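Chemist: Below: one structure in structure tokens.
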Amino acid sequence: VIIGIGGKEFASDARKALAAAINEAEKEKNKGRLNLLVWRPATDASGTQVDVAITLPVLGTYSATAPFDCPKTEKIVERAVAYMKANKDDLLKPGGWINYINGLGLMATGREDVMPMVRELAHGSMLKEGETLSVEKHVSMMCWWWSYKTLFLCEYYLRTKDEAVLPTIEEHATKIAMGQSGAGTWGHTYAAKENTGYLHGHLGGYGAINQQGLTCMIALPLAVKCGIENKEIVDAIKRGDDFFSFFVGKGTIPYGDHGAQPWYDDNGKSGSAAVFFDLMGNREGTKFFSEMLLASSVGGREQGHTGHYWSHLWGGIGAARGGDKALQVFMEQMNPVFTLERQHNGRFAFQDNVGEKGDQGKPKAKWDCTGARLLQLCVPLRTLYITGKETPKETHLTRERIERILKAGRLDVDKDARRKLPLPEILELLGDPLSPTRTMAARALVEREINCVDKLIDMLDSENRYERYGAAEALGKVGFANERAAEKLIAMMETDNDTQFRIHAIASLIGTDTRLGLASQAKPAIPVLLRMAVTPAADDPRRVLQHDIARALFYGGRAQPVRGLIPRFGLEGVDRELLIPAVREILTNKNGWARSTATHCIYPLLTEEEREELWGDIYRAARYIAPSGIMFASQARTDGLKLMGKHRVEEGMYLAAWYIRWQKGHGSPGRVPAALEALESYGARARPMIPYLEEHEAFWKAKRKPGREVPPDDTANLIRATIEKIKSSEDIPKLISISKHIEKDDIPPRDGP
């Protein structure tokens, strides 16, 4: 175990100290000598300390502008290329997405001697003549394979003009576009036609994965640069741009279809977003996410789903979108991490899931980072579009702005430093363009319970929109139940045309801390939110604001600590003429969670007259799954089935049986019981549905693992129990029809999906 350097035990962060010692040893004057203090175990477990000297290759010293004009960087690149040449059979074989990243890394070097290997990878990845891809069936992980392969082939064609790869690019880009969900997202897999019966429905699995979706969104504009352009690709770029552009200025792009996240980066999405917006010519988006990258460089880059592979892949090339100085500073901050990845043979090795978050899952030690690191080390050459071939060299970043960004990043991870901030500095940080910086400033107020409500109320009138955002967010955390603050936010959120301000104002009214926050004063917001729910916002094409309104009004679940205003205060005094149009509108939101939040809260409270007014909307919300947020989308459907079952709606009986037959994918066992419950409500009237149920019972029996004990709540057992209840039921309820509320096309076929 390495316990120190130069005969002394580590007295600071061991990884940073070791990296610094490696870089020092690699200087010419030290001739590669690295002196380590090592602990070696003994048979009695006491162990001994030993000084060990290792000789490293002499690489020199990083220049002040590294990786620009840096001989040491050039030597590291040379060694990495030599490693890849020596291991090309493993690192550059067609198929694996990391191998396509390796191919991109080699092209980024601009060297001609690597191009035969790159060409071999490109030609080995081409489709056979007449071969086509399909988006008909659900295929797990397929988006990862398609996106990085398409990205590599596009950059290869743009570098070489080798027309042999164009048909493969066209087929992949078109099918990626066809496999996009109706919300503009992708996941591990695409929105297969079998999911909904039509293209651009909902994704398979558990929904959107935006790290992957951004890679698809980078590949499609590059395909257009290759001359591949058709309606599917153009429409997909528009849908994806609508989805991802929403997060510009608001925060980190989330894992799935959720709101913007209050941190600087997550799994590399700020980096890939900076690259995407650069390709789209969106300078505001490029600026925002490159600054977010820079702030994250002082802490937070080793977190993420599956670890930090994607964080480091997109980090450097994303930061570079802020200009040469941004990449220099980023690389200086990240040097310890990248130094410890370097191995004796030139390889960059993935460091598993160590670091700030500790072990985060199954080790991926076989993942190779060499090509990924070549991408950022070779940014100065601007060989590829993803390394800045067309990126403007001008930058808005001044030295002062860079220092401010880095300071905010440090404060974000250092609670002790935040506690020392004077109030004027905290208030200044509340007006920063980066949303995580504003969140950090609000956190500083909370940690010390600073009451500055009057100052925050004054800031709401600022001409600086960022100050308004920061003040609204802070009041939700340290509003100290101030009635005047709540009244002002409620009045402003109804009239302000800025969706981002309205989102902050809404969030501030549903906080969990009734003592420090404003939730206790928020009841007057209910009618305002109901009116807002039916009013489209010009800057919100996906109706994300409506999603937040639904949560603020109706949420009463367990996934989040917040509580909606109606579960908190009840419906007494609420104008039902405002309520019903709002519910109807939310039932069409593209996000399944928005729909489910409303249905679970409101359906049990509807009067007979209100149900009659909404039956068509209730039926359609149960019939058609939302194209996004599918992890939470089924609640709206099963709530509708159960409501129709409770009131013996004939069309609901057939819909419940049809719905069960569709439940064969991710999470299906959790959805079937609700539909069975709905069918049981029809008693003997449901006997014609028994063939549907028996077919599905057989399906679930076939999925049982041989030799394993069958649990009582096994899906096939639950279906069999329902069949027996229906068979033995003597209840023959009177059914009602809602046919006048639904269109013929809304009725699914009764003989199967």
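The values are calculated or read from the model by the stated rules, or taken from the named source; none is laboratory data. As the structure is a prediction and not an experimental result, all values here were calculated from the model. Positions of Cβ are generated from backbone atoms using ideal geometry, with glycine treated the same way; all protein chains shown enter the neighbour counts. Side chains are part of the model used for accessible areas, which takes the heavy atoms of the whole protein and leaves out ligands, DNA and RNA. Shrake-Rupley method; radii C 1.70, N 1.55, O 1.52, S 1.80 Å.
Chemist: Go through the residues of segment 476-492 one by one and say whether even a single one is without any contact (Cβ under 8 Å) to a residue 40 or more places away in the chain, open to solvent by 10 Å² or more (accessible area, probe 1.4 Å) and in contact with a Pro (Cβ under 9 Å, 6 or more places away or on another chain).
Modeler: yes
Rundown of residues vs (1) touching a helix residue (DSSP H, G or I) at 6+ places or on another chain (Cβ under 8 Å); (2) more than 19 Å from Asn717 (Cα to Cα); (3) acidic (Asp, Glu), yes/no style:
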residue	(1), (2), (3)
Ile618	yes, yes, no
Phe632	yes, yes, no
His647	yes, yes, no
Glu651	yes, yes, yes
Ile660	yes, no, no
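Chemist: Another question about this same structure. Cβ-Cβ under 9 Å, sequence separation 6+ or interchain: first residue in segment 320-332 and open to solvent by 30 Å² or more (accessible area, probe 1.4 Å), partner hydrophobic (A, V, I, L, M, F, W, C) and part of a helix (DSSP H, G or I). Which pairs?
Modeler: Within 9 Å, the pairs are Asp324/Val379; Lys325/Ile402.
Chemist: If I go through segment 245-273 residue by residue, how many of them are assigned to a helix (DSSP H, G or I) and either surrounded by fewer than 19 Cβ atoms within 10 Å (Cβ to Cβ) or among the hydrophobic types (A, V, I, L, M, F, W, C) (or both)? Spell out how you get there, then give the answer.
Modeler: Going residue by residue through segment 245-273, those that are assigned to a helix (DSSP H, G or I) are 245, 269-273.
Among the residues that remain, those that are also either surrounded by fewer than 19 Cβ atoms within 10 Å (Cβ to Cβ) or among the hydrophobic types (A, V, I, L, M, F, W, C) (or both) are: 273.
Here the count works out to 1.
Chemist: Determine if segment 609-620 includes at least one residue that is of a type in the set (Gly, Ala, Ser), open to solvent by less than 10 Å² (accessible area, probe 1.4 Å), in contact (Cβ under 8 Å) with a residue 24 or more places away in the chain and over 30 Å from Phe247 (Cα atoms).
Modeler: yes
Quick grid of which residues meet (1) surrounded by 22 or more Cβ atoms within 10 Å (Cβ to Cβ); (2) in a helix (DSSP H, G or I):
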{"residue": "Tyr190", "(1), (2)": "yes, no"}
{"residue": "Glu194", "(1), (2)": "no, yes"}
{"residue": "Tyr206", "(1), (2)": "no, no"}
{"residue": "Leu214", "(1), (2)": "yes, yes"}
{"residue": "Leu222", "(1), (2)": "yes, yes"}
{"residue": "Val234", "(1), (2)": "no, yes"}
{"residue": "Phe243", "(1), (2)": "yes, yes"}
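Chemist: To continue, here is another question. For Tyr654, all conditions in the list (1) within 37 Å of the chain's Cα centre (by Cα); (2) surrounded by fewer than 17 Cβ atoms within 10 Å (Cβ to Cβ); (3) modelled with pLDDT of 90 or more; (4) not polar (S, T, N, Q) hold save one; what is the number of the exception?
Modeler: (2)
Chemist: Hey, among the residues in segment 693-716 that are assigned to a helix (DSSP H, G or I) and open to solvent by 30 Å² or more (accessible area, probe 1.4 Å), which one's modelled with the highest pLDDT?
Modeler: The residue in question is Glu694.
Chemist: Give the residue that is nearest to Leu456 (Cα to Cα), with candidates limited to residues of segment 515-527 that are assigned to a helix (DSSP H, G or I) and open to solvent by 10 Å² or more (accessible area, probe 1.4 Å). Steps first, please.
Modeler: Filtering segment 515-527 for residues assigned to a helix (DSSP H, G or I) gives 519-521, 525-527.
Now narrow it down to the ones that are open to solvent by 10 Å² or more (accessible area, probe 1.4 Å): 520-521, 527.
Working: Ser520: 18, Gln521: 17, Pro527: 25 Å.
Selected residue: Gln521.
Chemist: Just to check your reading of the model, which residue among Lys734, Lys744, Lys740, Lys725 is closer than 20 Å to Val649 by Cα, loosely packed, with under 12 Cβ neighbours inside 10 Å and in contact (Cβ under 8 Å) with a residue 40 or more places away in the chain?
Modeler: Exactly one of Lys734, Lys744, Lys740, Lys725 is closer than 20 Å to Val649 by Cα, loosely packed, with under 12 Cβ neighbours inside 10 Å and in contact (Cβ under 8 Å) with a residue 40 or more places away in the chain, namely Lys734.
Chemist: Can I ask one more? Can Leu59 be described as open to solvent by less than 70 Å² (accessible area, probe 1.4 Å), in contact with a Lys or Arg (Cβ under 7 Å, 6 or more places away or on another chain) and under 17 Å from Thr339 (Cβ atoms)?
Modeler: Yes: the conditions hold for Leu59.
Chemist: Further, regarding this structure: Within segment 125-143, is even one residue part of a helix (DSSP H, G or I), open to solvent by 50 Å² or more (accessible area, probe 1.4 Å) and closer than 21 Å to Asp89 by Cβ?
Modeler: Looking through segment 125-143, none of the residues is part of a helix (DSSP H, G or I), open to solvent by 50 Å² or more (accessible area, probe 1.4 Å) and closer than 21 Å to Asp89 by Cβ.
Chemist: Pairs, please: C-beta under 6 Å, at least 6 apart or cross-chain, first residue open to solvent by 10 Å² or more (accessible area, probe 1.4 Å) and in segment 288-299, second not in a helix (DSSP H, G or I)?
Modeler: Pairs found: Phe288/Val248; Phe288/Gly249.
Chemist: Working only within segment 375-391, note down all residues that are among the polar types (S, T, N, Q) and buried (at least 24 other Cβ atoms within 10 Å of the Cβ).
Modeler: Matches in segment 375-391: Gln376, Thr387.
Chemist: State whether one or more residues within segment 116-123 are under 31 Å from the mean Cα position of the chain (by Cα) and in contact (Cβ under 8 Å) with a residue 60 or more places away in the chain.
Modeler: no
Chemist: Out of segment 12-37, which residues are modelled with pLDDT of 95 or more, within 41 Å of the chain's Cα centre (by Cα), open to solvent by 50 Å² or more (accessible area, probe 1.4 Å) and not charged (D, E, K, R)?
Modeler: Matches in segment 12-37: Ala20 only.
Residues are listed down the side, and each one gets a yes or a no for (1) of a type in the set (Lys, Arg); (2) surrounded by 22 or more Cβ atoms within 10 Å (Cβ to Cβ); (3) under 32 Å from the mean Cα position of the chain (by Cα):
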{"residue": "Ala417", "(1), (2), (3)": "no, no, yes"}
{"residue": "Pro424", "(1), (2), (3)": "no, no, no"}
{"residue": "Leu430", "(1), (2), (3)": "no, yes, yes"}
{"residue": "Thr437", "(1), (2), (3)": "no, yes, yes"}
{"residue": "Leu445", "(1), (2), (3)": "no, yes, yes"}
{"residue": "Asp454", "(1), (2), (3)": "no, no, no"}
{"residue": "Arg465", "(1), (2), (3)": "yes, no, yes"}
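Chemist: If you don't mind, another one. Could you check segment 552-576 and list, in sequence order, the residues that are among the small types (Gly, Ala, Ser), open to solvent by 50 Å² or more (accessible area, probe 1.4 Å) and in contact (Cβ under 8 Å) with a residue 24 or more places away in the chain?
Modeler: Of segment 552-576, the ones among the small types (Gly, Ala, Ser) are 552, 556-557, 559, 564, 570, 573.
Add one more test, that the residue is open to solvent by 50 Å² or more (accessible area, probe 1.4 Å), and what stays is 559, 573.
The answer is Ala559, and nothing else.
Chemist: Here are the criteria: (1) among the basic types (Lys, Arg); (2) open to solvent by 70 Å² or more (accessible area, probe 1.4 Å); (3) closer than 19 Å to Thr196 by Cβ. Tell me which single one Arg671 does not satisfy.
Modeler: Result: Arg671 fails condition (2) only.
Chemist: Which ranges mark the helices (runs of 4 or more DSSP H) fully within segment 36-115 that have 3 or more residues being charged (D, E, K, R)? Before the answer, list the steps.
Modeler: On the way: elements: 71-86, 88-91, 97-108.
Correct list: 71-86, 88-91.
For every residue, the table says whether it meets (1) in contact with a strand residue (DSSP E or B) (Cβ under 8 Å, 6 or more places away or on another chain); (2) touching a residue at least 12 places away in the same chain (Cβ under 8 Å).
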| site | (1), (2) |
| --- | --- |
| Ser12 | no, no |
| Ala19 | no, yes |
| Glu28 | no, yes |
| Gln49 | yes, yes |
| Leu56 | yes, yes |
| Thr65 | no, yes |
| Cys70 | no, no |
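Chemist: Pairs, please: C-beta under 7 Å, at least 6 apart or cross-chain, first residue among the hydroxyl-bearing types (Ser, Thr, Tyr) and in segment 689-710, second surrounded by 12 or more Cβ atoms within 10 Å (Cβ to Cβ)?
Modeler: Tyr692/Ala657; Tyr692/Ile660; Tyr692/Arg661
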